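What follows is a single structure, written as C-alpha cells, with notes after it.
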Amino acid sequence: MIKALIFDFAGVIGSEGYSLWAKEQKAKGIESNSTFFGDISDNMDRGDISTQVFSQEVAKVVGIASSDVWKEIYQRIKINHELLDIIVKLKKKYKIGLLTNYSDVWMKELIFEYKLDKYFDSMVISSLHKVIKPEKKIYQISLKQLKIKPEEAVFFDDRPRNVNGGEVAGIKSFLFTTNEKLKEDLESFGVEI
C-alpha cells in the first residue's frame, strides 16, 4: 500500500533554473570543458563546495560577477503551482516528501520565498547529507525521514538516472514530464488524487 509520494524540486516542483541558465551559457560558446557545468553543480549539490565557491568558479568561466550567478539562476526558476495544488490534495491521504539535489542555502531561500515547507512532511536536500541522487543512500534517507518502506513510496524526478536510482532503492519511480502524465502515473499505481 502506498503511504508516501516523493518529489524532486528542479524540473518537477520548480523549473530547472540552473540547467536553463547553463544551456544559455553553452549556447554562447562558454564552457571550459564539456562537463564543467554538470561537475561543479554536482560538487555543490553534494556539499563538497559552498555556494560562494560555486558562484566564484562559475563567474570566472562565464565572465560575470559572482554575486550575479544566483540572481541569474533564480530568475529562471518558475514554480509549478498546478503541481502544488495536486500535492495539497494528495497530502490529505499521503505523506509528501521533497528529495532534491540542491544547495541547502539556495533551497532554503526558495522554501522561504514560496512557502514550500507547508507542502512537505519531509525535505531531503542533498548538500546537507553529502550525497546526491542517484546514490541509493539519499533515497534511504528520505524513506527514513518519512518512516516508510521503499515499497510504500512513489517517486517523481525529471532525470532518468534519478528515476533509475529510485528503482534501485526499491521505490516505484516515474519520469516527470507533465502534470497530466504525473496524474496518469499516480492513477495507474492506485494513488487517488
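The values are calculated or read from the model by the stated rules, or taken from the named source; none is laboratory data. Owing to the predicted nature of the structure, the values given are computational and were not obtained by experimental measurement. Positions of Cβ are backbone-derived with ideal geometry, glycine not excepted, and every protein chain shown enters the neighbour counts. Calculation scope for accessible area: heavy atoms of the full protein, side chains included, ligands and nucleic acids excluded. Shrake-Rupley method; radii C 1.70, N 1.55, O 1.52, S 1.80 Å.
The Cβ shell under 15 Å around residue 165 holds other residues with a net charge of 0, Lys and Arg each +1, Asp and Glu each -1.
Net charge dipole, the chain: roughly 480 debye, given to the nearest 20, about the Cα centre with Cβ charges of +1 for Lys and Arg and -1 for Asp and Glu. Distance between the modelled labels on residue 183 and residue 1, one decimal in nanometres: 2.6 nm (7 Å Cα→Cβ projection). Just want to confirm a number: the relative contact order over region 94-189, from Cα pairs under 8 angstrom separated by 6+ residues, in percent. Once normalised by length, the contact order is 22 percent. The Cα atoms of region 128-179 give a gyration tensor whose axes a ≥ b ≥ c have a/c of 1.5 or more with a/b no greater than b/c, which makes the shape oblate. Summary of the geometry: region 51-114 and region 139-179, compared by the centres of their Cα atoms, lie 19 Å apart.
Taken about its Cα centre, region 79-154 carries a charge dipole of roughly 360 debye when the Cβ of each Lys and Arg holds +1 and the Cβ of each Asp and Glu holds -1. Sorting 70, 21 by accessible area puts them as 70, 21; the probe is 1.4 Å, largest comes first, and only protein heavy atoms count.
Average accessible surface for region 1-101: 46 Å² per residue, computed with a 1.4 Å probe over protein heavy atoms with every protein chain in place. Among 45-54, 137-146, 3-12, the peptide with the highest mean count of other Cβ atoms within 10 Å heads the list, and the full ranking is 3-12, 137-146, 45-54. Between residue 56 and residue 76, the distance separating the two model label sites (each 7 Å from Cα on the Cα→Cβ line) works out to 2.3 nm.
Listed values (i) 8, 28, 26, 18, 11, 6, 2, 0; (ii) 8, 29, 33, 19, 8, 3, 1, 0; (iii) 9, 37, 35, 15, 4, 0 include one computed from this model; for P(r) over Cα pairs in 10 Å bins from 0, in percent that value carries the label (iii). Close amide H contacts of residue 123 (hydrogens built in the peptide plane, cut-off under 5 Å, sequence separation of 5 or more or a different chain): 98.
Its relative contact order, with pairs defined as Cα atoms under 8 Å and 6+ residues apart, puts the chain at 27 percent. The GNM of the chain, with springs linking C-alpha atoms under 10 angstrom apart, assigns the highest mean-square fluctuation among 113, 57, 16 to 113.
Taking the Cβ of residue 46 as the center, what net charge do the other residues with Cβ under 11 Å away carry, scoring Lys and Arg +1 and Asp and Glu -1? Net local charge, residue 46 excluded: -3. Element breakdown for the chain at a 1.4 angstrom probe: carbon and sulfur atoms account for 52% of the accessible area.
Proximity of backbone amide H atoms, modeled 1.01 Å from N, is registered between residue 6 and 97, 154, 155, 156 at under 5 Å, excluding neighbours fewer than 5 places apart on the same chain. Here the Gaussian network model covers the chain, with springs between Cα atoms less than 10 Å apart; of 80, 162, 101, 80 fluctuates the most.
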